[in-house]
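Colleague: I have a structure I would like to understand better, so I am pasting it below and will then ask my questions one at a time.
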Amino acid sequence: MSTRHDTASHAGAWIRSLLITVLAPLALGGCVLSQTSAGSSVDGERVEKILPGTSTRAQVAALLGPPDEIIHSNLEHDPLFERAYVYHRPRTRTTAMFLVIFSTHRSDTKYDRVTVFFDQAGIVEHVGVRLAADDAEYGMPW
C-alpha cells in the first residue's frame, strides 16, 4: 500500500511541477493596447468650408487653427511667401503581447493631413485632404 501512496504522491508532485512550469510564464506575461496621436485635430466639416478662389489665409487659420507646418515659396523675389499651410495628425494604435521568453507587437499608423495652397494674394488655390487617422486599427501582434 505504501508503494501506491508513493506513486500517487510522486505523480501529484510531477503534475504540480508541470503546471508551475507551464503556467508561471503565462502569469508573468501580458498584453498591451496603446494609442498615440500628435499634431492638430482635423475636422472634416471645417475643411469643407475652405473654398478655393474665395477663402483667405486668415479664414483658413480661423477655421483650422495655426498650421503644424508652413511651406514657404522659393520665389526669387519673395522667398518668405507662405505658399501652403499643412495640418498633420498621425495616430498609431499598437497591440503587444509579451511572455517571459517571447514578445511581439504590431503598430498601425494612419494620418490626417490637410495641405492648403495659397496664391500670391493669399487666396486659397487648392486644398489637399486625407482624413484617415481614425482608420488606424488594433490587430493581432503577429
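Just so you know, all these numbers are worked out from the coordinates, no wet-lab data involved. Because the structure is predicted, anything quoted here is derived from the model rather than measured. Ideal geometry is used to build each Cβ from the backbone, glycine not excepted, and the neighbour counts take in all protein chains shown.
Colleague: Let me check the size of segment 29-135 from its C-alpha atoms; what are the radius of gyration and Dmax in Å?
Modeller: Final numbers for Rg and Dmax: 18.8, 63 Å.
Colleague: Among 66, 97, 117, pick out the residue whose Cα is farthest towards the positive end of the charge dipole of segment 29-135, where Lys and Arg carry +1 and Asp and Glu carry -1 on C-beta, about the Cα centre.
Modeller: 97
Colleague: Could you size up the charge dipole of segment 29-135 around its Cα centre, putting +1 on the beta carbon of Lys and Arg and -1 on that of Asp and Glu, and report it in debye to the nearest 20?
Modeller: In total the dipole reaches around 460 debye.
Colleague: What would the Debye equation give as log₁₀ I(q)/I(0) for segment 45-104 at q = 0.16, 0.21 Å⁻¹, counting only Cα atoms as equal point scatterers?
Modeller: Summing over Cα pairs of segment 45-104 leads to -0.66, -0.93.
Colleague: Please report, to two decimal places, log10 I(q)/I(0) for segment 73-142 at q = 0.15, 0.21, 0.23, 0.28 Å⁻¹ as given by the Debye formula with identical point scatterers on the Cα atoms and no solvent.
Modeller: Listed by q, the Debye log ratios stand at -0.64, -0.87, -0.94, -1.10.
Colleague: Starting with the highest mean, order 57-69, 111-123 by the number of other Cβ atoms within 10 Å, averaged over the residues of each peptide.
Modeller: Ranking the peptides 57-69, 111-123 by packing returns 111-123, 57-69.
Colleague: Going highest first, how would you order 43-54, 125-136 by mean Cβ packing within 10 Å?
Modeller: 125-136, 43-54
Colleague: With labels modelled as points extended 7 Å from the Cα through the Cβ direction, what inter-label distance (nm, one decimal) is found for residue 98 paired with residue 56?
Modeller: Result: 5.4 nm between the two label points.
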